[in-house]
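Structure first, then comments.
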Amino acid sequence: MIPQLLLRNALLALHLLGAVAWVGGMLFAMIVLKPALSVLAPPDRLKLHLQVLSRFFRVVWHAMPVMLVTGYWMIFGLYGGFGGVNGAVHAMHGLGLLMSAIFVTIWFAAFKALRAAMAAGDHRVAAGTVARIRRLVWLNLALGLLTVAVAALG
């Protein structure tokens, strides 16, 4: 049997690695990558966006479930449920679920539309879809940074 402290530390490490990958990826995309794309012609920019988002969203599809599973495992397996955790954990839980819902919306609506527009060669629609994805990623980035602050202060 794994000692409880070792299990807690392993779960917390996986949870934090998921957060670093997801929130750090969004921060990189919005603060570093997006402005750097201005050197490319619009059609090339859209192609690169599609490639970058495809790869990053695969990372999120792994990080998000890891964070949810490890979070629930810690809450229910180590702390006896939501009654055994403080308000910061409740806030992180709510924010995490909201971020997950936004990501699923991006994936199944906006990103699907982007892939379809690019496959059809419709750069005007693709550009509008990238702008919509960018707004949702900014929202998720803000929520992710708030969650990190709650975790640090809670």
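The values are calculated or read from the model by the stated rules, or taken from the named source; none is laboratory data. Only a predicted model underlies this, so the values are computations on that prediction, with no experimental measurement involved. Neighbour counts are summed over all protein chains in view; Cβ atoms, including those assigned to glycine, are modelled from backbone coordinates with ideal geometry. We work out accessible area using only protein heavy atoms, side chains counted, and drop any ligands, DNA or RNA first. Shrake-Rupley method; radii C 1.70, N 1.55, O 1.52, S 1.80 Å.
What to note about this one:
- Magnitude of the charge dipole for segment 52-154, about its Cα centre and with charges confined to Cβ atoms of Lys, Arg (+1) and Asp, Glu (-1), is about 400 debye.
- Heavy-atom surface of the chain, accessible at 1.4 Å and reported per residue (Å²): 56
- Using the Cβ-Cβ distance between Arg8 and Ser54 with R0 set to 35 Å, the FRET efficiency from 1/(1 + (r/R0)^6) comes to roughly 0.50.
- Cα centroid of segment 110-154 to Cα centroid of segment 1-68, whole Å: 12
- Fraction of accessible area attributable to carbon and sulfur, the chain (%, probe 1.4 Å): 74
- Theoretical FRET efficiency, 1/(1+(r/R0)^6), r = Cβ-Cβ of Leu78 and Leu16, R0 22 Å, to 0.05: 0.90
- Correct choice for mean projected area of the Cα convex hull in nm² that was computed from the model, options (i) 9.7; (ii) 8.5; (iii) 12.8: (i)
- Chain lengthening between Leu97 and Leu68 when straightened (0.36 nm per residue, less Cα-Cα): 9.6 nm
- Highest mobility in the GNM of the chain, judged by mean-square fluctuation with C-alpha springs under 10 Å and restricted to Val32, Val69, Val125, is found for Val32.
- Where chymotrypsin sites (Phe, Trp or Tyr not before Pro) fall in DSSP loop in segment 30-93, at most 16 other Cβ within 10 Å: Tyr79
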